[in-house]
Amino acid sequence: MKDFTHTRAEGGLTTHPVAEMYAAEHKAGKLDRREFLVRATALGVTAAAAYSLIGARPALADGHRVTPAMGGTLRIQQEVRALKDPRTYDWSQMGNVTRGITEYLIEYHNDGSFEGVLLDSWEANEDATVYTLNLRQGIMWNNGDPFTAEDVAANIIGFCDSTVEGNSMATRMGELVDPDTGVAREGAIEVVDEHTVRVTYPSPDITFVPGIADYPSAIQHRDYIGTNPADHGVGTGAYEIAEYEVGVQARLVRKEGHTYWRDTYLDEIVFVDLGQDPAAWFAGAEADEFDMTYETVGEFIDLFDAIGWNKGEVITAATVVIRPNQNNAPYDDVRVRNAIQMAVDNQVCLDLGVNGQGVPAENHHVCPIHPEYAELPPQVFDPEAARALLEESGHADTEFELISIDDDYRKNTTDAVAAQLRDAGFNVTRTIIPGSTFWNDWTSYPFSSTNWNHRELGVMILNLAYRTGVPWNESGFSNEEFDRLLTEANGIQDADERREIMVRLETIMQEEGVTIQPYWRSLYNHARPGVVNAAMHAKFEINPHYVGFES
């Protein structure tokens, strides 16, 4: 561990030598503001201090939210899915409901900065091998137990347990997981004192902080690791579940007898499930069935604008993938996968899928707003060449079943892919599955579409979706060179150096025809006038402790 000097203040660092280097790069025009904030705050520099380093003023840091009036009931249109062990959450909607009960160590803001929630501050050493986590003091669980370093250590050890089916947090923990045992490395997570935890990686890893800000990283009481918060109800948050019916409604109310550690405003939050059809959402808005949307899509963005609701918009790395699963024939043949990519114009998918509300992507799932994005030569759209390659593979007469959920943008985008494949000579059958059953098998369909959330770093999304054998690898992709280079990239703090490896990672994704990843989405939501702190979050997060009604 290399020695270096920090300057520390309450709530986090005011400077860090690596952050100062990033600030100089930003001022020299080598980093945009979002990239700088992601990197500096991940090191433990407070958002306010990070802004100060570049001579700017905070836009979204704590204290810049509106203070709502006390009391009231807020109704949110959102799917109500079955809950489970938070480590195995696979949809943001689950985290939104339980965020009022089980909170997070760190949260991510749309400006690219990280802010402590249950953590007062954190510090990374210079080579990103050691992270020191300083807990916020005075927080109590709603069962009367104090929140301590033992809780945090138990959760991180639980995050590392790759033997738990569906635990995607183990992927986020990277080299903290012992490859021989599948659980946390011996001595990697240490309780330093009652309010301090130290995490030590065997090699540099820059993804730890973004990883513990993602929605499956909710912090449970140390006695309830691996259980469903809906069953035990123990948390540090202000609320408890009063009613929960999958596919219908979830209702949170203030937990009686629990003194919450900060201000919160609403008496009650109700999540109203109106299904997958945005037309039903709009009809519900006109019928006064809810006050804000989880998301607004397609032509309904203009319709919600027209009835006077306030729009939230954020540019993101959220996307849709239409991917063959390589564990199924004929998708185990790279010629078939390349032919599929070559037959599809991503601009057409953008126009028909989301009304052009985004920008075209390049089939490698690394976004231009990711710090390490590398620009590659344009991919070839050539239906005739695609048909020739399909014939060469011997699958010219094969029937391709393309599966999607029955909703708006995902269904529309998949329809656009199917139409272009047919134009290129593929025999395509479309299968559309209701949302109530689609997600049961989303990782194993032979050829289907899925949406993916924004992630702060390109290496994060590649780790989650394409590393060999990880729970969310729905394409069945496995490539030894890709895995090795990705591990190397995880340890490089300098984005320019990481980009040199990213060139090859992105190229492998394209050469192997892993997926059609047609566009990057701008995300939107709407709230009726008078609702505050309801702006669209880049990762679909809704925090019941922040939202409310204007004073």
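The values are calculated or read from the model by the stated rules, or taken from the named source; none is laboratory data. These numbers come from a predicted model, not from an experiment. Reconstructed Cβ throughout: ideal geometry from the backbone, glycine too, with neighbour counts over all protein chains shown. We work out accessible area using only protein heavy atoms, side chains counted, and drop any ligands, DNA or RNA first. Shrake-Rupley method; radii C 1.70, N 1.55, O 1.52, S 1.80 Å.
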Give the shape of region 111-252 as rounded, prolate or oblate, defined through the alpha-carbon gyration tensor: a ≥ b ≥ c are the square roots of its eigenvalues, a/c under 1.5 means rounded, and otherwise the shape is prolate if a/b is larger than b/c and oblate if not.
-> prolate
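What FRET efficiency, computed as 1/(1 + (r/R0)^6) with R0 = 45 Å and r the Cβ-Cβ distance, is obtained for Ala28 and Asp178, rounded to the nearest 0.05?
Working: r = 41 Å, r/R0 = 0.91.
FRET efficiency, Ala28 to Asp178: 0.65.
Can you give the Rg to Rh ratio of region 304-385, both from alpha-carbon atoms, with Rh computed by the Kirkwood formula?
Answer for region 304-385: 1.06.
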The set of residues whose placed amide H lies less than 5 Å from the amide H of Ala318, leaving out same-chain residues fewer than 5 positions away, is His454, Arg521
Could you work out the Kirkwood radius for region 230-336, taking every pair of different alpha carbons, averaging 1/r and inverting it, reported in Å?
-> 17.9
Between the modelled labels at Val246 and Arg422 (7 Å from Cα along Cα→Cβ) the distance in nm is 3.5
Go through Leu486, Ala280, Leu133 and say which Cα lies farthest out towards the positive end of the charge dipole of the chain; charges sit on Cβ, +1 for Lys and Arg, -1 for Asp and Glu.
-> Leu133
Ordered by packing density, taken as the mean number of other Cβ atoms within 10 Å over each peptide's residues, highest first, how do 478-486, 320-328, 17-25 rank?
-> 320-328, 17-25, 478-486
Spherically averaged projected area of region 23-175 from its Cα convex hull (nm²) | 12.0
Sorted by packing (mean other beta-carbon atoms within 10 Å per residue), highest first, where do 500-511, 221-232 land?
-> 500-511, 221-232
Would you work out the relative contact order for the chain, in percent, from Cα pairs under 8 angstrom that are 6 or more residues apart?
-> 19
Averaged per residue, what accessible surface does region 400-517 expose to a 1.4 Å probe, in Å²?
-> 32
For region 409-551: span of alpha carbons on each principal axis (Å, largest first) | 56, 45, 27
Point-charge dipole on Cβ atoms (K/R +1, D/E -1) for region 382-507, about Cα centre, debye to 20 | 300
Convert each backbone phi in region 175-186 into a coupling constant with the Karplus relation 6.51 cos²θ - 1.76 cosθ + 1.60 (shift: θ = phi - 60°), then list the ³J(HN,Hα) values in order as whole Hz, x for Gly and Pro.
-> 6, 5, 8, 6, x, 7, 9, x, 10, 4, 4, 4
What does the helix-only formula give at 222 nm for the chain: each DSSP H stretch with n ≥ 4 adding -39500 (n - 2.57), the total divided by the residues, and the result rounded to the nearest 500 deg cm²/dmol?
-> -8000 deg cm²/dmol
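At 0.36 nm per residue, and after removing the present C-alpha to C-alpha distance, how many nm does the segment from Arg430 to Thr163 gain when stretched out fully? List each step's numbers first, then the result.
Values: separation 267, 0.36 × 267 = 96.12 nm, distance 3.56 nm.
So the extension gain works out to 92.6 nm.
How big is the charge dipole of the chain about its Cα centre, in debye rounded to the nearest 20, if each Lys and Arg gets +1 on its Cβ and each Asp and Glu gets -1 on its Cβ?
Working: 41 positive and 87 negative charges, 173 e Å.
The dipole of the chain has a size of about 840 debye.
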Take region 399-467, drop everything but the C-alpha atoms, weight them equally and run the Debye formula without solvent; then report log10 I(q)/I(0) at 0.19, 0.20, 0.21, 0.25 Å⁻¹ to two decimals.
-> -0.84, -0.89, -0.94, -1.08
Across the chain, how large is the tail of the calculated P(r) beyond 31 Å, expressed as a percent of all Cα pairs?
-> 47
Heavy atoms only, probe 1.4 angstrom, no DNA, RNA or ligands counted: give me Asp332, Asp382, Asp273 ranked by accessible area, highest first.
-> Asp332, Asp382, Asp273
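Accessible area per residue, 1.4 Å probe, Å², for region 46-205: what's the number? Don't skip to the end; give the middle numbers.
Working: 5450 Å² over 160 residues.
Dividing the accessible area of region 46-205 by its residue count gives 34 Å².
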Taking amide hydrogens as modeled 1.01 Å from N in the peptide plane, which residues meet the under 5 Å criterion relative to Ala361, leaving out close sequence neighbours?
-> Tyr519, Trp520
Which percent of the accessible heavy-atom area of region 348-460 goes to carbon and sulfur, probe 1.4 angstrom?
-> 49
Honestly region 310-447 on the Cα gyration tensor test (a ≥ b ≥ c root eigenvalues; a/c under 1.5 rounded, otherwise a/b vs b/c for prolate or oblate) is just oblate
Measure out, as a whole number of angstrom, how far apart the alpha-carbon centroids of region 96-170 and region 333-365 sit.
-> 37
